[in-house]
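The values are calculated or read from the model by the stated rules, or taken from the named source; none is laboratory data. Keep in mind that what you see is a predicted model, and the values were worked out from it rather than measured. Positions of Cβ are backbone-derived with ideal geometry, glycine not excepted, and every protein chain shown enters the neighbour counts. Note: accessible area is taken over every heavy atom of the protein model, side chains too, but ligands, DNA and RNA are not part of it. Shrake-Rupley method; radii C 1.70, N 1.55, O 1.52, S 1.80 Å.
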Amino acid sequence: MKRNWIENLKAKNKFLVFVGATLLMVIVVLITVSAYVYSSILLKETHKKTEQQMSYAVRNIDSDVRALQKLMESIYLGKPLHQYLETDLSGMSYTETNQVITNIDKYVTSLVSPYQYRPELTLYWTPSENSRVYYGESRTVQDSQTVLDEPWYQEAIAFNRHQMIWDCVWEDEQYRISIVLKLGLKEEKEVVARLTQSLSVVCDGARSVLDVERGQMMILDAGGAMLYSAGPDKRLSLADLQWTEGTKPEADWAGVVAAKVRGEDKSVYCQPYDKMNWQILYIVENNSFLENTPYLWLYMILILVTVAFSVAMLLFSSRVMTKRLVQLTKAVRQVDKDHLVLNTEISGNDEVGVLSSFLQETLEMVRQLIRDNQKIEKERYAMELQSLQEQINPHFLYNALSAIAAMAYDIEAYWIRDALLNLADFYRLSLSHGADTIRLQDELHILDSYLAICRLRFDSQLDIRMDIGPETVELYVPKLIIQPFIENAVFHGNAGSIQMSARCVEDHLLIMIQDDGTGMNEEQIRSAIAGNQDGKHALQNIQRRLRLRYGEPYGLSIESQPGQGTTVTLTLPCQRELP
């Protein structure tokens, strides 16, 4: 009695009661221990992956810087540019001078145009005393007098050999990479080329590699000043970065160290870039949350206890949950095969009880199907017996009618003889050697014999038209399936005109019979199909024959209205071979 409430629980609820709490404990403990065991491994993998990303970021920066270097080398080695710069402008007109400057502009523009973000390239020209230079609106060629006091210009002029001077300067409210180079020209002309590019543009490739939404990217110069910063914290500065004692990296050191940013633990990845004497930092959250947990043994004991408890609970719950299933299995094996009865009844509100009730209902449905099938077999046997009896009567009538027709011929009653011969042919064809299924063309021959008799009775007042598709004549149909409808139309519907058609639609044979007789209302249609009207039992028999032989959706349908005639549609399968 104490376990009744457990037995009435659904299997899902039993599983939740017996196993849910245990699995929850196991999951929590395993997650905690797994986090401790794998945190160091994950942390190392994270460090390794991030350090690789840092290396890729530095490579991207170096690629952009080397692209600027190649551009300066093109300026230094460009012979067409040197020819323009070495042109003697003394004695030239304004137009000629301006043309030289324009050619220089075009040449320089062709060098920087492939860049998505074009760097600024300027040539500072020191003309000779006799030359006249008209700069016009050129931004590429400028007078060196405007930059005589700039340190980078003085440094470039002071070099005896041609060497690129690299620097990162603050211009136009941002840091820009500056490359200065003195060009070696003839005739003692001094031209200094200066190329600048935004540091933000140079760092685009690095930003695409590093996840700046998760961490902060910073670039420091050799003096420790911050040149660039990108990330979620727009206000982060070097003052917010607190190095743990003894962990501040050197300028040329690569690796990862721990630090604090506004009191929060962070991991700082460092990677030097020697070409510009930069230190690139990447600051992210410290995710080693179990790195210093000293109680691993406690978690291990807890896991062992939890696993032992879980095994015991699983064994107990398995026995409770499978007990009623075993009972149901035994009951199914002991089903009375003769009467299909479940001898052992298992009640309850759980799945086993529902399954037992469903099994009882299924067995009852099977018993009912067996009874229905026996009834159908009895009806089919009765119909076959009736068919045999009906074959005997037409055979006798055929012989008798043939003898009477011979007698009518002897007394020269020819029209009586013709009627008797047509009637004899009708019964002879209807025999069909005892076959119940004949071709449609044979069914139409039977119908022709019957119509010949009808024409003798009604003279020329009966108009019958047929539209038979050629694809239908070789199809097999039940014998005497059409004649009853013609008989009903003539003798009960007072029809003067009858139209008949036969067509194959998809896999269905549709035979349609239309007349212009008196018609029927809905109640009369239902009574005719049910066989409740005098003389119209044949409709009920045809409907039963078709349903018993072919099943749904085959059969007959009637559409009619009083005074507007009747349309009967027979739907049969397109049967091209005898069953």
**Asked** Within the range 233-252, restricting attention to residues that are in contact (Cβ under 8 Å) with a residue 12 or more places away in the chain and part of a helix (DSSP H, G or I), which residue is least open to solvent (accessible area, probe 1.4 Å)?
**Response** ASP240
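Determine whether THR362 is at pLDDT 60 or above and touching a helix residue (DSSP H, G or I) at 6+ places or on another chain (Cβ under 6 Å). Reasoning before the result, please.
Details: at pLDDT 60 or above: yes; touching a helix residue (DSSP H, G or I) at 6+ places or on another chain (Cβ under 6 Å): no.
Here the answer is no, as THR362 does not meet what is asked.
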**Message:** Between a residue in the range 343-364 that is among the acidic types (Asp, Glu) and any residue that is open to solvent by 80 Å² or more (accessible area, probe 1.4 Å), which pairs come within a Cβ distance under 8 Å, given they are 6 or more apart or on different chains?
**Reply:** ASP350/LYS10; GLU351/LYS10
**Prompt:** Tally time: how many residues in the range 145-179 are open to solvent by 80 Å² or more (accessible area, probe 1.4 Å) and in a loop (DSSP other than H, G, I, E, B)?
**Reply:** 5
**Request:** Give the range 197-232 a look and list any residue that's surrounded by 20 or more Cβ atoms within 10 Å (Cβ to Cβ) and β-branched (Val, Ile, Thr), or say none.
**Result:** VAL202, ILE219
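For the range 465-472, indicate whether the set of residues that are of a type in the set (Ser, Thr, Tyr) and open to solvent by 20 Å² or more (accessible area, probe 1.4 Å) is non-empty.
no
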**Request:** Enumerate the pairs (first residue in the range 283-311 and under 30 Å from ARG207 (Cβ atoms); second residue anywhere and open to solvent by 70 Å² or more (accessible area, probe 1.4 Å) and modelled with pLDDT under 70) with beta-carbon separation below 8 Å, excluding pairs fewer than 6 apart on the same chain, so at least 6 apart or on different chains.
**Result:** ASN287/LEU42
**Asked** Looking at the range 70-93, which of the residues that are in a helix (DSSP H, G or I) and over 15 Å from VAL141 (Cβ atoms) is farthest from the chain's Cα centre (by Cα)?
**Response** LYS79
**Evaluation of ARG526 against (1) in contact with a Leu (Cβ under 8 Å, 6 or more places away or on another chain); (2) part of a helix (DSSP H, G or I) (one fails), failing number** = (1)
**Item:** Close pairs (7 angstrom Cβ cut-off, 6 or more residues apart or separate chains): under 18 Å from SER144 (Cα atoms) in the range 85-110, open to solvent by less than 40 Å² (accessible area, probe 1.4 Å) and charged (D, E, K, R) anywhere
**Value:** LEU85/LYS189; GLU86/LYS189
**Prompt:** Quick one: SER63 ticks every box in (1) modelled with pLDDT of 85 or more; (2) of a type outside the set (A, V, I, L, M); (3) surrounded by 14 or more Cβ atoms within 10 Å (Cβ to Cβ) bar one, so which box is it?
**Reply:** (3)
**Prompt:** Scanning for something open to solvent by 70 Å² or more (accessible area, probe 1.4 Å) and either at pLDDT 90 or above or in a strand (DSSP E or B) (or both), does the range 476-497 turn up at least one residue?
**Reply:** no
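Can you work out which of the residues in the range 98-117 that are under 16 Å from GLN69 (Cβ atoms) and not aliphatic (A, V, I, L, M) is surrounded by the most Cβ atoms within 10 Å (Cβ to Cβ)? Talk me through it step by step, then tell me what you get.
Of the residues in the range 98-117, the ones under 16 Å from GLN69 (Cβ atoms) are 111-112, 114-115.
The next check asks that each one be not aliphatic (A, V, I, L, M); those that pass are 114-115.
Details: PRO114: 9, TYR115: 14.
By that ranking, first place goes to TYR115.
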